[in-house]
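**Student:** Starting off with a structure, shown below.
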Amino acid sequence: MVSPNGFAAEGKYYYSIWENIFEIDTIYVPIKPIGKGAYGIICSAHKTETNEKVAINKILKAFKNRIDAQRNLRDISLLHHIRYDNIIGVKDSIKPSNRHILLMMFM
């Protein structure tokens, strides 16, 4: 898929999932949509470098207002520190070209 602004960033692929464009690194290959909610969309993906299955969370309008920004940053901070088998943790985060969107990889 072509970038929404017509210029593809180097090392990025563009996928349309539930009428939303995911701009992800080339090492991730989306498999299928998992769900969507008030804050964003989640899809499963395959990380080709490590051959592991991950979930990508695209947070729409992550910094729309101060309260949402604080909640998102608090969630990310907490998930980075949690290391339990039965709780999802953040594996990686991708900086998108659009500053209002945030992508996170979970395992």
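**Student:** Quick one: how many Å² of His80 are accessible to a 1.4 Å probe, rounded to 10?
**Tutor:** Surface open to solvent at His80 totals about 80 Å².
**Student:** Starting from the amide H of Asp92, placed 1.01 Å from N in the peptide plane, find each other amide H under 5 Å away whose residue is 5 or more places distant or on another chain.
**Tutor:** It is Met105, by chain and number.
**Student:** Something else: Which GluC sites (Glu not before Pro) in the stretch 15-61 sit in a loop by DSSP (not H, G, I, E or B) and have at most 12 other Cβ atoms within 10 Å of their own Cβ?
**Tutor:** Filter output for the stretch 15-61: Glu19, Glu49.
**Student:** Now for a separate question. So for the stretch 20-96, taking the charge dipole from beta-carbon charges (+1 Lys/Arg, -1 Asp/Glu), which of Ile34, Ala45, Phe63 sits furthest toward the positive end?
**Tutor:** Checked the options; the winner is Phe63.
The values are calculated or read from the model by the stated rules, or taken from the named source; none is laboratory data. Here the structure is a predicted model, which means the values were calculated and not measured. No Cβ is skipped: glycine too gets one built from the backbone with ideal geometry, and neighbour counts run over all protein chains shown. SASA here: full protein model, heavy atoms, side chains in, ligands and nucleic acids out. Shrake-Rupley method; radii C 1.70, N 1.55, O 1.52, S 1.80 Å.
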